[in-house]
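This report refers to the structure that appears directly beneath it.
The values are calculated or read from the model by the stated rules, or taken from the named source; none is laboratory data. Predicted model, so just to flag it, every value in this text is computed and none were measured. With ideal geometry, Cβ positions are generated from the backbone for all residues, glycine too; neighbour counts draw on all protein chains shown.
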(Lines give C-alpha, C1' and ligand atoms only; values in the text may rest on other atoms or scores of the structure.)
Protein backbone atom coordinates (compact mmCIF):
# COMPACT_ATOMS: atom_id res chain seq x y z
CA UNK A 1 0.00 0.00 0.00
CA UNK A 2 1.63 3.27 -1.07
CA UNK A 3 1.67 6.24 1.25
CA UNK A 4 2.46 9.88 0.61
CA UNK A 5 4.95 11.49 2.97
CA UNK A 6 5.89 15.17 2.55
CA UNK A 7 5.07 14.97 -1.15
CA UNK A 8 7.07 11.78 -1.71
CA UNK A 9 5.47 8.44 -2.61
CA UNK A 10 6.64 5.48 -0.51
CA UNK A 11 5.58 1.97 -1.53
CA UNK A 12 6.84 -1.06 0.38
CA UNK A 13 7.12 -4.31 -1.53
CA UNK A 14 7.28 -7.41 0.66
CA UNK A 15 8.41 -10.78 -0.64
CA UNK A 16 8.47 -14.12 1.11
CA UNK A 17 11.48 -16.42 1.14
CA UNK A 18 11.50 -19.87 2.70
CA UNK A 19 11.95 -18.72 6.30
CA UNK A 20 11.70 -14.91 6.27
CA UNK A 21 10.14 -11.88 4.59
CA UNK A 22 12.13 -9.23 2.76
CA UNK A 23 11.28 -5.58 2.09
CA UNK A 24 12.12 -3.33 -0.84
CA UNK A 25 10.99 0.28 -0.99
CA UNK A 26 9.84 2.14 -4.11
CA UNK A 27 10.42 5.87 -3.68
CA UNK A 28 8.89 8.51 -5.92
CA UNK A 29 10.23 12.04 -5.58
CA UNK A 30 7.86 14.99 -5.94
CA UNK A 31 9.27 15.56 -9.47
CA UNK A 32 8.20 12.03 -10.50
CA UNK A 33 11.64 10.38 -10.46
CA UNK A 34 11.37 6.85 -9.05
CA UNK A 35 13.87 4.43 -7.60
CA UNK A 36 13.90 1.17 -5.69
CA UNK A 37 15.88 0.67 -2.48
CA UNK A 38 16.55 -2.76 -1.09
CA UNK A 39 16.39 -5.41 -0.05
CA UNK A 40 16.25 -3.79 3.37
CA UNK A 41 16.55 -6.84 5.61
CA UNK A 42 15.03 -10.10 6.75
CA UNK A 43 11.88 -9.97 8.84
CA UNK A 44 9.68 -12.42 10.72
CA UNK A 45 6.38 -11.11 9.31
CA UNK A 46 5.12 -9.19 6.29
CA UNK A 47 3.81 -6.40 8.53
CA UNK A 48 7.23 -5.95 10.15
CA UNK A 49 8.88 -5.80 6.73
CA UNK A 50 6.40 -3.22 5.36
CA UNK A 51 6.54 -1.06 8.51
CA UNK A 52 10.32 -1.03 8.44
CA UNK A 53 10.37 -0.02 4.77
CA UNK A 54 8.04 2.93 5.45
CA UNK A 55 10.12 4.10 8.44
CA UNK A 56 13.27 3.75 6.33
CA UNK A 57 11.67 5.90 3.62
CA UNK A 58 10.52 8.58 6.05
CA UNK A 59 14.01 8.82 7.56
CA UNK A 60 15.52 9.11 4.07
CA UNK A 61 13.10 11.89 3.08
CA UNK A 62 13.80 13.76 6.34
CA UNK A 63 17.58 13.41 6.01
CA UNK A 64 17.76 11.46 9.28
CA UNK A 65 19.93 8.39 9.81
CA UNK A 66 18.06 5.40 8.45
CA UNK A 67 17.07 2.71 10.96
CA UNK A 68 18.61 -0.74 11.10
CA UNK A 69 16.26 -3.71 10.91
CA UNK A 70 15.66 -5.07 14.41
CA UNK A 71 13.40 -7.97 13.42
CA UNK A 72 15.99 -9.96 11.50
CA UNK A 73 15.94 -13.71 11.45
CA UNK A 74 19.00 -15.89 11.20
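In summary, residue 48 fulfils each of the numbered conditions (1) surrounded by fewer than 16 Cβ atoms within 10 Å (Cβ to Cβ); (2) touching a residue at least 24 places away in the same chain (Cβ under 8 Å); (3) in contact with a strand residue (DSSP E or B) (Cβ under 9 Å, 6 or more places away or on another chain) with the single exception of condition (1).
Pairing residues of segment 4-33 that are at positive phi and part of a loop (DSSP other than H, G, I, E, B) with residues that are surrounded by fewer than 16 Cβ atoms within 10 Å (Cβ to Cβ) and modelled with pLDDT under 95, at Cβ distances under 6 Å and at least 6 apart in sequence or on separate chains, gives 7/30. Scanning segment 56-74 for residues that are under 15 Å from residue 4 (Cβ atoms) and surrounded by 13 or more Cβ atoms within 10 Å (Cβ to Cβ) turns up 57, 58, 60, 61.
Could you please give the count of residues in segment 34-44 that are at negative phi and surrounded by 13 or more Cβ atoms within 10 Å (Cβ to Cβ)? Final tally of qualifying residues: 6. Name every residue in segment 14-33 that is within 18 Å of residue 3 (Cβ to Cβ) and buried (at least 16 other Cβ atoms within 10 Å of the Cβ), in order of residue number. Within segment 14-33, 14, 23, 24, 25, 26, 27, 28 meet the criteria. Filtering segment 35-64 to residues that are within 14 Å of the chain's Cα centre (by Cα) and not in a helix (DSSP H, G or I) leaves 35, 36, 37, 38, 39, 40, 41, 42, 43, 45.
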